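Worksheet for the structure shown next.
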Amino acid sequence: MNAPSPMAQPMPVEREIAERIKAAGIRLRFDKVVLRLVAGVREATAGLVRENDTVIFTLTAPIRQPAKTAAAIAELVRGNLPDGELRRDIFENQIVLCRVTDVGGDMPRVIGFVHNSGSDAGLILALARSHLA
């Protein structure tokens with residue numbers, strides 16, 4: 001049996017942020033598809049996000065086309081993200097991305113959260129941003 005890739009496991013800061021999100025009453029998804037998708041985005045964008053920046057993205061579940069969705073998110077991260085939030089509908093999933101500047105050098109460059117469609121993506125991003133500040 002193959003051990004899961006370290007990239008496929010949530011990083012400690014992601015777990016801390018997830019706890020804050022859970023305390024706010026929002027349920028996140030952490031199934032295999034989610035972990036692989038987030039790891040795929042992280043791997044595809046390695047070295048593209050500037051040091052001291054972090055890109056946070058939220059994505060609605062269910063994820064019907066995970067590989068294509070991960071590639072589309074990675075393409076958005078490769079682009080020049082504007083200040084504020086970037087919202088897109090891709091493969092029937094709502095995606096929201098934002099770039100956080102001036103984060104510590106030890107912070108991950110890309111953090112992703114998958115949630116049910118009724119959850120507030122803006123609140124998820126706000127809680128994540130406040131943890132990175």
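Tabulated data for the structure shown
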read-out	value
Relative contact order of the chain, pairs being alpha-carbon contacts under 8 Å that are 6 or more residues apart, as %	34 percent
Chain lengthening between residue 101 and residue 123 when straightened (0.36 nm per residue, less Cα-Cα)	6.1 nm
Cβ crowding within 10 Å averaged over residues, with 17-24, 91-98 ranked highest first	91-98, 17-24
Derived scalar couplings ³J(HN,Hα) [region 79-84; Karplus, 6.51 cos²θ - 1.76 cosθ + 1.60; whole Hz; x for Gly, Pro]	x, 8, 5, x, 5, x
Cα convex hull of region 91-133, projected area averaged across orientations, nm²	3.4 nm²
Computed [θ] at 222 nm, helices only, for the chain once each DSSP H run of length n ≥ 4 contributes -39500 (n - 2.57)	-12000 deg cm²/dmol
Kirkwood Rh and Cα Rg combined as Rg over Rh, evaluated for region 27-94	0.94
Simple Cβ-charge dipole of region 15-133, Lys/Arg +1 and Asp/Glu -1, about Cα centre, in debye nearest 20	360 debye
Pairwise FRET efficiency - residue 78 versus residue 22, Cβ, R0 = 25 Å, nearest 0.05	0.25
Cα shape, the chain, gyration tensor, a/c 1.5 rule	rounded
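FYI, it's all coordinate maths here, none of it is from the lab. Here the structure is a predicted model, which means the values were calculated and not measured. Glycine gets a Cβ as well: all are built from the backbone with ideal geometry, and neighbour counts include every protein chain shown.
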